[in-house]
Amino acid sequence: MAALAERLAPLGVTPARATAVVYIALHEGCDQITLGRALGVNRASTMKAVDELEALGVLERRPGRDRRTNALHLTPAGAALRHQVEAVTREHDIAAFAPLDPAERAQLGRLLAKLRLNDDAADQGDAAIAASKEG
């Protein structure tokens with residue numbers, strides 16, 4: 001992660017902030033709660049990230065689906081930053097995974113996908129347990 005942070009530093013973002021920019025680009029109009037869940041951080045950390053990105057001029061808050069929420073949208077500068085972040089991340093990934101041959105990279109991808117599916121299933125199980133306690 002340190003190598004990626006070094007590559008992103010000239011863009012003025014951390015890996016976490018870069019992830020937020022890409023997420024917002026892919027989920028234009030999402031609210032801060034959804035962003036926080038996707039990033040796996042609490043509300044205070046999400047608000048801090050959004051405030052920092054807004055100060056950089058890469059995102060703006062617009063009225064959300066109700067008066068209590070904001071819809072997050074990238075500005076033109078944010079869209080440009082997203083493309084820079086993706087290019088830097090691609091370069092980093094190429095360097096980081098260079099020791100693996102194509103078959104090993106494919107195997108790693110399959111294993112990570114398997115872990116992700118298992119994690120998603122665990123999250124759904126946790127949500128079902130929480131819902132049953134509420135009802």
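Averaging sequence separations of C-alpha pairs under 8 Å and six or more residues apart, then dividing by the length of the chain, give the relative contact order as a whole percent.
22 percent
Please return the longest range in the chain lying between exposed loop sites, taking trypsin sites (Lys or Arg not before Pro), DSSP loop only, at most 13 other beta-carbon atoms within 10 Å, and leaving the sites out.
69-135
Is the shape of the chain rounded, prolate or oblate, going by the alpha carbon gyration tensor and its root eigenvalues a ≥ b ≥ c, with a/c under 1.5 for rounded and a/b larger than b/c for prolate?
Here the chain falls in the oblate category.
Take each uninterrupted DSSP H stretch in the chain, measure its Cα extent along the helix axis, and return the ones at 15 Å or beyond whose mean Kyte-Doolittle hydropathy is at least 0.0.
Correct list, ordered by number: 15-26.
Hey, got the dipole for region 2-96? About the Cα centre, +1 on K and R Cβ, -1 on D and E Cβ, debye to the nearest 20?
Computed about the Cα centre, the dipole is about 360 debye.
What's the exposure ranking of E52, E91, going from fewest to most Cβ atoms within 10 Å?
E91, E52
Calculate the spin-label point distance for A98 paired with V22, positioning each point 7 Å from the Cα along the beta-carbon direction, and give it in nanometres.
Going by the 7 Å Cα→Cβ label model, 2.0 nm.
Read-outs throughout are calculated quantities, based only on the coordinates presented, and are distinct from any laboratory measurement. Computed from a prediction, not measured in an experiment: that's the story for all the values here. Positions of Cβ are backbone-derived with ideal geometry, glycine not excepted, and every protein chain shown enters the neighbour counts.
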